[in-house]
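Asker: Let me begin by handing over the structure; questions about it come next.
The values are calculated or read from the model by the stated rules, or taken from the named source; none is laboratory data. Keep in mind that this is a model prediction, so the values were computed, not measured. Cβ atoms come from the backbone with ideal geometry, glycine included; neighbour counts cover every protein chain shown.
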Amino acid sequence: MKIGIDIDGVILDYEKGMLAAAEIFDIENCRGNGKVNPDKFFVQDKFDWSKEEKDEFINKNLGRVSEESNIMPEAKYVLNKLKEMGHQLIIISARGTESDDMIDIVTRKFKKEGIEFDKYYWKEHNKVEVCKNEEIDIMIDDSPSTCKKMMDNYIKTLYFRGMRSWKIEENEYLKEVFNWGEVYRYIKEL
């Protein structure tokens with residue numbers, strides 16, 4: 001089976017670090033109003049920051065938080081088990097859009113952890129097209145909008161629901177999961 005996998009919020013526990021950094025940045029560099037748009041997906045959109053403040057936040061924190069972020073609990077174990085079972089693991093991520101350094105950071109992290117993938121799609125914003133072209137059997141992503149697009153295009157999707165995400169009604173193409181144990185169970189039962 002071909003499994004497409006997003007990185008941030010799925011393999012890398014990046015979201016907690018970015019949310020903490022955003023709170024600190026808001027207090028120390030902005031108005032300290034806290035989250036005024038809590039339902040927004042992107043961290044920098046949750047606050048009442050100007051474009052310049054958002055850019056400054058990204059420039060100061062994106063790489064640093066990525067370096068400090070850990071692999072999600074049990075992700076390494078499950079990814080290695082899936083490889084042993086003969087599945088192809090394909091990274092499909094928007095990572096690197098901001099800078100190639102973001103790709104370098106995570107590839108070093110994967111190498112250090114001994115996590116290998118069969119193919120990589122970086123800076124990818126049209127994940128549906130990649131999934132169709134690669135004939136992905138199942139995609140794992142944390143973005144509600146990406147998961148909805150996958151579902152609408154009849155691509156089986158595991159919605160790795162995290163801290164910034166909201167509920168999407170499950171159906172035959174979308175299953176909500178919260179951890180890598182649930183991912184493992186779902187794929188083993190297919």
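Asker: Taking region 136-190 as the region of interest, how many residues are small (Gly, Ala, Ser) and in contact with a helix residue (DSSP H, G or I) (Cβ under 8 Å, 6 or more places away or on another chain)?
Answerer: 3
Asker: Which one of these does residue 153 not meet: (1) farther than 20 Å from residue 71 by Cβ; (2) in contact with an Asp or Glu (Cβ under 7 Å, 6 or more places away or on another chain); (3) of a type in the set (S, T, N, Q)?
Answerer: (2)
Asker: Would you confirm whether or not region 112-123 contains a residue that is in a helix (DSSP H, G or I) and out of contact with any Leu (no Cβ under 6 Å at 6 or more places or on another chain)?
Answerer: Yes: region 112-123 contains one or more residues that are in a helix (DSSP H, G or I) and out of contact with any Leu (no Cβ under 6 Å at 6 or more places or on another chain).
Asker: I've got another one for you. Are any residues in region 41-73 of a type in the set (Asp, Glu) and either in a helix (DSSP H, G or I) or surrounded by 15 or more Cβ atoms within 10 Å (Cβ to Cβ) (or both), and if so, which ones?
Answerer: 45, 52, 53, 55, 56, 67, 68 - these are the residues of region 41-73 that are of a type in the set (Asp, Glu) and either in a helix (DSSP H, G or I) or surrounded by 15 or more Cβ atoms within 10 Å (Cβ to Cβ) (or both).
Conditions (1) part of a helix (DSSP H, G or I); (2) out of contact with any Cys (no Cβ under 8 Å at 6 or more places or on another chain); (3) of a type in the set (A, V, I, L, M); (4) surrounded by 16 or more Cβ atoms within 10 Å (Cβ to Cβ), marked per residue:
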| residue | (1), (2), (3), (4) |
| --- | --- |
| 136 | no, yes, yes, yes |
| 139 | no, no, yes, yes |
| 145 | yes, yes, no, no |
| 150 | yes, no, yes, yes |
| 154 | no, yes, no, no |
| 158 | no, yes, yes, yes |
| 162 | no, yes, no, yes |
| 167 | no, yes, no, no |
| 184 | yes, yes, no, yes |
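Asker: Looking for whichever is at pLDDT below 95 and either outside any loop (DSSP other than H, G, I, E, B) or assigned by TED's automatic domain parsing to the domain that holds residue 113 (or both) here; the options are 34, 17. Which one fits?
Answerer: Just one listed residue meets the conditions, 17.
Asker: Moving on to the next point. Could you please tell me which pairs satisfy a Cβ distance under 7 Å, a separation of 6+ or placement on different chains, a first residue in region 166-179 that is in contact (Cβ under 8 Å) with a residue 40 or more places away in the chain, and a second residue that is of a type outside the set (Asp, Glu)?
Answerer: If the second residue must be of a type outside the set (Asp, Glu), the pairs left are 166/144; 179/73.
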